[in-house]
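Below is one structure, written out as structure tokens, with a few remarks after it.
What follows is calculated from the coordinates using simple rules that are stated; it is not laboratory data. Keep in mind that this is a model prediction, so the values were computed, not measured. Here Cβ is always computed from backbone atoms with ideal geometry, including for glycine, and neighbour counts include all displayed protein chains.
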Amino acid sequence: MKVLKLATGHNADDGAETILMNILRGDLGRLQRGGSNNSNKNSGDDDELLPRVKPLKYSFEKVRGVFKYGRDIVMYAHFNKLNYFCTECIYSPNAYRMNARSFIKELERIRPRAILDIVRSGEQFKLKANVAEQILSKCVKCGYITSQKYCKACLLLYGLNNDDPTVGIARGVRKQNANKGGNRQNAYKEDNRQNAYKEDNRQNAYKI
């Protein structure tokens, strides 16, 4: 594409949410990479990977002052007559990120600088020298940057094309389904035991 850098639209709120999520998950590798503008530095083939920059890293979602409930990005697009899609994803309420987002919003009511403080703290996270870092490589299917054999996009597309939307989302989804199935089986076994117990009581009463 003959470009030097890839600019993303992540703002301060996005960054704070990601940092908190990585802390809660104990993901040290992503925690360190999340504080940097270049998330590709741990790859073994730096020359072919495009560095990412975040020009909106310190911009808040909500406009302080007059437009208290507006959004910087939406207002910018509106006044510059740009086409934009502002409808929130219908799946976002159940996403893990929403837990971090809700917590940060509550924290922001107590400390208005909470979002910026989290972002600044995330920039200072460094792994110890004896901690092995995850090496980024290329997806074997599309060639995009990933820490796994297949990138997240290819996994999601594979799941959609094979009628299995849980592929590439979260291991917890299948675990929850498995637990539900196990609970149903346990309930079924318990019903059988209770029925057998009642039948024994009826037979004993008949003998007496």
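Among the listed pairs Lys54/Lys138; Lys105/Lys126; Lys2/Lys105; Lys57/Lys152; Lys2/Lys57, those with a Cα-Cα distance over 32 Å are Lys2/Lys105.
Counted by Cβ distance under 14 Å from Ala153, the other residues give a net charge of +4, where Lys and Arg count +1 and Asp and Glu count -1. Please compute the net charge surrounding Cys139, taking Lys and Arg as +1 and Asp and Glu as -1 over other residues with Cβ under 10 Å from its Cβ. In short, +4. For Val53, nonlocal amide neighbours, meaning residues 5 or more places apart or on other chains whose placed amide H falls under 5 Å from its own, are Leu6, Ala7, Thr8.
Each of Leu28, Leu4 was scored by other Cβ atoms within 10 Å of its Cβ. Listed from fewest to most, they are Leu4, Leu28.
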